[in-house]
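Undergrad: Got a structure for you, questions after.
The values are calculated or read from the model by the stated rules, or taken from the named source; none is laboratory data. No experiment lies behind these values; they were computed from the predicted model shown. For neighbour counting, all protein chains shown are included, and Cβ atoms are generated from backbone atoms with ideal geometry for every residue, glycine included. Only protein heavy atoms, including side chains, enter the accessible area calculation; ligands, DNA and RNA are left aside. Shrake-Rupley method; radii C 1.70, N 1.55, O 1.52, S 1.80 Å.
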Amino acid sequence: MIVEVPGGKDPIAYVWGEMVPGIGTAASKFSMAVYAHTTLGLREFEAARLRIAQINGCVFCLDWRTERDGVKVEDGFADAVADWRATDAFDARTRLAAEYAERYALDHHGLDEEFWSRMTEHYSENEIVELSMSIGSWWAFGRLNHVLGLDTACMLTGGKAPSVRPTESA
């Protein structure tokens, strides 16, 4: 970990809440709002979130699975996300969510008319804005946690520490 966290303190709570409370608390609220107020389907939400986690290499984010009403994506979903171009496990919206996440993170200047034509065929303007804000949150905060080494110190709900894996990239 790049920052020194006092013994007994949760690294995320300390860095985000105590070190820079004026910024960290607002960032935390934004991050939580993405999960609490989404209107996107679980599969497209998770496809975009996991693709960003794969690009960022955030160990915590790679281990996390969003749950809605007791439902999570199936085992193997993350592998399908990594292979979003070729997998037959995705409908058009889910594939586009993974593609958008990747292009948002790696080639945002390359988002051309052809891409936007496909997006607007499957997503409303409100959904595009929501997905864009969600991807921005995951990209920024997942990368921050990974860069500072917080991603291996986080605890998943239920007290499980994330498994440490080699960084995955696009």
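Undergrad: List pairs: first in region 121-145 and outside any helix (DSSP H, G or I), second open to solvent by 40 Å² or more (accessible area, probe 1.4 Å) and not hydrophobic (A, V, I, L, M, F, W, C), Cβ under 9 Å, 6+ apart or cross-chain?
TA: Correct list of pairs: TYR123/ARG93.
Undergrad: Given (1) in contact with a Pro (Cβ under 7 Å, 6 or more places away or on another chain); (2) at pLDDT 90 or above; (3) charged (D, E, K, R), identify the lone condition not met by ASP63.
TA: (2)
Undergrad: Among all residue pairs at least 6 apart or on different chains, which show Cβ distances below 8 Å where the first residue, located in region 3-21, is farther than 18 Å from CYS61 by Cα and among the basic types (Lys, Arg) and the second is at pLDDT 90 or above and assigned to a helix (DSSP H, G or I)?
TA: Final answer for the pair search is LYS9/GLU18.
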